[in-house]
1. On a full-extension model of 0.36 nm per residue, what is the gain between Gln169 and Ile147, subtracting their alpha-carbon distance, rounded to one decimal in nm?
2. Roughly how far apart, in whole Å, are the Cα centres of segment 89-111 and segment 154-191?
3. Order the following by accessible area, largest value first: Thr173, Thr183, Thr152, Thr15. Probe radius 1.4 Å; ligands, DNA and RNA are ignored.
4. Starting from the Cα-Cα distance between Ser33 and Arg16, subtract it from 0.36 nm times their residue separation and give me the gain in nm to one decimal.
5. How far apart, in nanometres, would the label points at Thr40 and Arg90 be if each is projected 7 angstrom from Cα along the Cα-to-Cβ direction?
6. Loop-only check: which chymotrypsin sites (Phe, Trp or Tyr not before Pro) in segment 100-188 are DSSP coil with at most 16 other Cβ within 10 angstrom?
Amino acid sequence: MTSEDLGSRLREIRTRKGLTLRSVAQAVGVSASLISQVETGKTQPSVSTLYALVTHLGVSFDELMTGAAATGPARPGPVDGAAPQHPVQRSSENAVLEMENGVRWERLASSPAGPAEAVLVSYEPGASSSLDRRLMRHAGFEFAYIIEGEITLRLEFETYVLGPGDSLQFDSTRPHLYENRGTSPARGVWFVTGRREHRDGAPAAPDEPVQRRGARLSSAVDVLRAIDES
């Protein structure tokens, strides 16, 4: 997906919902000029800004990256009256989104009406999910498995370094940040669940701390939930 494709889809969704540039910018905590530059393809948003945008606009990453809109709450099977989703997605069919500061997303096989959004995520050395290194939070739960390289996860007051074979899971409303502090690219598969239920008005459930292979890790008291989405 090019910058122009991403921007045009964001603009189409915003105008379809009758929202102004200024109101969206105020809601996600960025300038109206930045939203305009994203919509015109002149710049790519950071991960944290993109999460804030899709959360405020009430869309899934499936809809953003493929243009396929989900119809109603997530369900395990196909939407009534719609053709079943093909069970296999070839690598050549993966929608790709290149973001600022060396972060790359590839959309993996999933359904607009399914319970999870699957993404292959790459972080170049020095890349992070937020350009200013601010912790972010958003609706849903996330699970990830690290394939190569090292990812540093800052979750509230705790910091974890994850390598190949390590995995994580936590409630995404907890303030967090991903960084690649190493010298080689890092890749992993992420699954985000619960975003569609949040969009349709269902409350999020509590979750457990991050898991590292072979050990159970505890987190700090959850006192940073008041941090604004950035």
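The values are calculated or read from the model by the stated rules, or taken from the named source; none is laboratory data. Since we're looking at a predicted model, the values are computed, not measured. So basically every Cβ, Gly included, is an ideal-geometry build from the backbone, and we count neighbours across all protein chains shown. Accessible surface areas use protein heavy atoms only, side chains included; no ligands, DNA or RNA. Shrake-Rupley method; radii C 1.70, N 1.55, O 1.52, S 1.80 Å.
1. 6.4 nm
2. 18 Å
3. Thr183, Thr15, Thr173, Thr152
4. Full extension of this stretch gives 4.1 nm more.
5. Here the answer is 3.8 nm between the modelled labels.
6. Phe157
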